[in-house]
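> This is the structure, below, for whatever I ask next.
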Amino acid sequence: MKSRYEAILNNIALSSIDSKILILDIKPTKPDLQYNTFKTAKRDGARINRRYIGSIGVTISFGIYEYNIRKRQDICSEIAKWAKNGGVLETNDRDGQFLRCVCYKQPIVESAMEWTKPLSITFIAYEIPYWQEKQPVSKTITGTSATGTLFVPGSVDGALVEVSAKANASVSSFELGVNGRKLTLSGLSLTTNQVVTITYDDEAIQSIKVGSTSILNKRTGVDDLLAKCGENNNLSLSASASVSATFSVRGLWV
């Protein structure tokens, strides 16, 4: 059946599982917005210590228009198998974005009699509780002291910045900055063309490596470089010898 909506998980479309599936709606869940506050002495009210989003999600509603009750159960089981491990979810109302998520609520046939009754699946993102741009934006700055700007699309703050820094000479240390937050790597012995990478895995865990060798113990300053979405971000580089640093960021959306 043809629907104006589509959901694609790990490059497999929900509609491709069976021709009797019709996607009815795509409903984003409200972000789990929370505030940590503390009371002020001898005053009413409170001050905000931290604002954060714990999770974000989306519910896909669909029908299985198969009159045979056994076949309808079989189709639902195939959909549950498709959804169970979560992964990279795309929906066609958010072109160019994806949600790295888990399956929070699997579909179940609640009534054999009501064969036209809609079913649903809910996916939730925890590690990065935002829709992410499929294509990161990037900017390269070069030298022993350099600056630049990078516009990052999106609607929130705190996008993780990845960096690939190539030594153009022998380098013992360098400092990277984004909007005044600075991360320093020192005690290095980089030779020409060696590359340091700062990357994050699917659970937003950071790695800092030269080739396959971790140099996370060489890091001081901030733990993470973070970009603001929807505006220009100030980049900086300071190094003991010339370095070409490419800053790369995926925009984030609620």
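> Does the range 4-11 contain at least one residue that is part of a loop (DSSP other than H, G, I, E, B), touching a Leu at 6+ places or on another chain (Cβ under 8 Å) and surrounded by 14 or more Cβ atoms within 10 Å (Cβ to Cβ)?
yes
Per-residue answers, yes or no, for (1) modelled with pLDDT under 95; (2) among the charged types (D, E, K, R):
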{"residue": "50", "(1), (2)": "yes, yes"}
{"residue": "54", "(1), (2)": "yes, no"}
{"residue": "60", "(1), (2)": "no, no"}
{"residue": "71", "(1), (2)": "no, yes"}
{"residue": "74", "(1), (2)": "no, yes"}
{"residue": "77", "(1), (2)": "no, no"}
{"residue": "83", "(1), (2)": "no, no"}
{"residue": "86", "(1), (2)": "no, no"}
{"residue": "89", "(1), (2)": "no, no"}
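> Considering the range 209-229 alone, what residues qualify as being within 25 Å of residue 254 (Cα to Cα) and crowded, with 16+ Cβ neighbours inside 10 Å?
Selection gives 225, 226, 227, 228, 229.
> Name the residues in the range 151-208 that are within 21 Å of residue 251 (Cβ to Cβ) and assigned to a loop (DSSP other than H, G, I, E, B), would you? Talk me through it step by step, then tell me what you get.
Start the filter on the range 151-208 by keeping residues that are within 21 Å of residue 251 (Cβ to Cβ), which leaves 151-164, 176-181, 183, 197-206.
Correct list: 153, 155, 156, 179, 180, 201, 202, 203, 204, 205.
> Conditions first: (1) touching a residue at least 40 places away in the same chain (Cβ under 8 Å); (2) hydroxyl-bearing (Ser, Thr, Tyr); (3) under 25 Å from residue 130 (Cβ atoms). Residue 238 passes all but one, so which condition is the exception?
Failing condition for residue 238: (3).
> I would also like to ask the following. Which is among the β-branched types (Val, Ile, Thr), outside the structural domain of residue 56 (by TED's automatic domain parsing), in a strand (DSSP E or B) and closer than 30 Å to residue 94 by Cβ, of 246, 142?
Only one candidate qualifies: 246.
> Within the range 190-205, is there a residue that is surrounded by fewer than 14 Cβ atoms within 10 Å (Cβ to Cβ), of a type in the set (Ser, Thr, Tyr) and in contact (Cβ under 8 Å) with a residue 12 or more places away in the chain?
Residues of the range 190-205 surrounded by fewer than 14 Cβ atoms within 10 Å (Cβ to Cβ): 191-193, 201-205.
Checking the rest, the ones that are also of a type in the set (Ser, Thr, Tyr) come to 191-192.
Then keep just the ones that are in contact (Cβ under 8 Å) with a residue 12 or more places away in the chain; that gives 191-192.
Yes.
> Would you check if residue 144 is hydroxyl-bearing (Ser, Thr, Tyr), surrounded by 15 or more Cβ atoms within 10 Å (Cβ to Cβ) and either more than 19 Å from the chain's Cα centre (by Cα) or over 30 Å from residue 77 (Cβ atoms) (or both)? Please lay out each step first, then the result.
Working: hydroxyl-bearing (Ser, Thr, Tyr): yes; surrounded by 15 or more Cβ atoms within 10 Å (Cβ to Cβ): yes; either more than 19 Å from the chain's Cα centre (by Cα) or over 30 Å from residue 77 (Cβ atoms) (or both): yes.
Yes: the conditions hold for residue 144.
> Give me a count of the residues in the range 209-226 that are out of contact with any Asp or Glu (no Cβ under 8 Å at 6 or more places or on another chain), of a type in the set (A, V, I, L, M) and part of a strand (DSSP E or B). Walk me through it before giving the result.
Residues of the range 209-226 out of contact with any Asp or Glu (no Cβ under 8 Å at 6 or more places or on another chain): 209-220, 222-225.
Going one step further and asking which of them are of a type in the set (A, V, I, L, M), we end up with 210, 215-216, 222, 225.
Imposing the further condition that a residue be part of a strand (DSSP E or B) reduces the set to 210.
Residues flagged as out of contact with any Asp or Glu (no Cβ under 8 Å at 6 or more places or on another chain), of a type in the set (A, V, I, L, M) and part of a strand (DSSP E or B) within the range 209-226 amount to 1.
> Using the structure shown, decide if residue 111 is outside any loop (DSSP other than H, G, I, E, B) and either modelled with pLDDT of 95 or more or closer than 30 Å to residue 15 by Cα (or both). Before the answer, list the steps.
Numbers: outside any loop (DSSP other than H, G, I, E, B): no; either modelled with pLDDT of 95 or more or closer than 30 Å to residue 15 by Cα (or both): yes.
Answer is no for this residue.
> Could you tell me whether any residue of the range 69-81 is on the phi < 0 side of the Ramachandran plot, surrounded by fewer than 17 Cβ atoms within 10 Å (Cβ to Cβ) and touching a strand residue (DSSP E or B) at 6+ places or on another chain (Cβ under 7 Å)?
Residues of the range 69-81 on the phi < 0 side of the Ramachandran plot: 69-81.
After this cut, where a residue has to be surrounded by fewer than 17 Cβ atoms within 10 Å (Cβ to Cβ) as well, the list is 69-71, 73-74, 77-78, 80-81.
Right, trim to touching a strand residue (DSSP E or B) at 6+ places or on another chain (Cβ under 7 Å) and you get none.
Checked against the condition, which is being on the phi < 0 side of the Ramachandran plot, surrounded by fewer than 17 Cβ atoms within 10 Å (Cβ to Cβ) and touching a strand residue (DSSP E or B) at 6+ places or on another chain (Cβ under 7 Å), the range 69-81 yields no hits at all.
> Report whether or not residue 116 is on the phi < 0 side of the Ramachandran plot, assigned by TED's automatic domain parsing to the domain that holds residue 73, surrounded by fewer than 18 Cβ atoms within 10 Å (Cβ to Cβ) and of a type in the set (Val, Ile, Thr).
On the way: on the phi < 0 side of the Ramachandran plot: yes; assigned by TED's automatic domain parsing to the domain that holds residue 73: yes; surrounded by fewer than 18 Cβ atoms within 10 Å (Cβ to Cβ): yes; of a type in the set (Val, Ile, Thr): yes.
Criteria met by residue 116.
> Has the range 26-47 got at least one residue that is modelled with pLDDT of 95 or more and either on the phi < 0 side of the Ramachandran plot or out of contact with any Phe, Trp or Tyr (no Cβ under 8 Å at 6 or more places or on another chain) (or both)?
Going residue by residue through the range 26-47, those that are modelled with pLDDT of 95 or more are 26-27.
With the extra rule that they be either on the phi < 0 side of the Ramachandran plot or out of contact with any Phe, Trp or Tyr (no Cβ under 8 Å at 6 or more places or on another chain) (or both), the set shrinks to 26-27.
Yes, the range 26-47 contains a residue that is modelled with pLDDT of 95 or more and either on the phi < 0 side of the Ramachandran plot or out of contact with any Phe, Trp or Tyr (no Cβ under 8 Å at 6 or more places or on another chain) (or both).
The values are calculated or read from the model by the stated rules, or taken from the named source; none is laboratory data. For clarity, every value in this text was computed on a predicted model and none was experimentally measured. Please note: Cβ atoms are built from the backbone with ideal geometry, for glycine as well, and neighbour counts cover all protein chains shown.
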